[in-house]
């Protein structure tokens, strides 16, 4: 492999260019004692060289109350908008 090929391989390791992003989706889990509980919001991003990655913006309102549902939702939508801007800006 030539030096140019190695340099191109190294560039792809650090190139996290988003190609597509899906809107935040609510993620629920069923518990026997609590029933249907919202865990947070999930955003799926497809990257040029690294494939699909899923990011969960969890809320802990029922446990520690440090991140409320509204804050988790806002963080997920802000992340989504940021990735959309990067895709449009290419």
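For this structure, a couple of remarks:
- Gaussian network model of the chain, springs between alpha carbon atoms under 10 Å - residue of 23, 70, 58 with greatest fluctuation: 70
- Least to most buried among 74, 63, 83 (fewest other Cβ within 10 Å first): 63, 74, 83
- Of 73, 53, 32, the residue with the greatest mean-square motion in the GNM of the chain, using alpha carbon springs below 10 Å, is 32.
- Largest mean-square fluctuation among 37, 19, 27, in a Gaussian network model of the chain whose springs join Cα atoms under 10 Å apart, belongs to 37.
- Helical contribution to [θ] at 222 nm, DSSP H n ≥ 4, -39,500 (n - 2.57), averaged over the chain, rounded to 500: -12000 deg cm²/dmol
- Degrees separating the helix 69-88 axis from the principal Cα axis of the chain, which is the longest one: 20 degrees
- In the chain, the longest principal axis of the Cα atoms and the axis of helix 3-14 are about 10 degrees apart.
- Its residue count N sets the reference 2.2 N^0.38 Å, and the alpha-carbon radius of gyration of the chain equals 1.45 times that reference.
- Residue exposure sequence - 14, 57 - by fewest surrounding Cβ within 10 Å: 14, 57
Read the figures in this text as sums done on the coordinates, not as results from a lab. From a predicted model like this one, the values you see are computed outputs, not experimental measurements. Every residue, glycine as well, gets a Cβ built from its backbone with ideal geometry; the counts of neighbours run over all protein chains shown.
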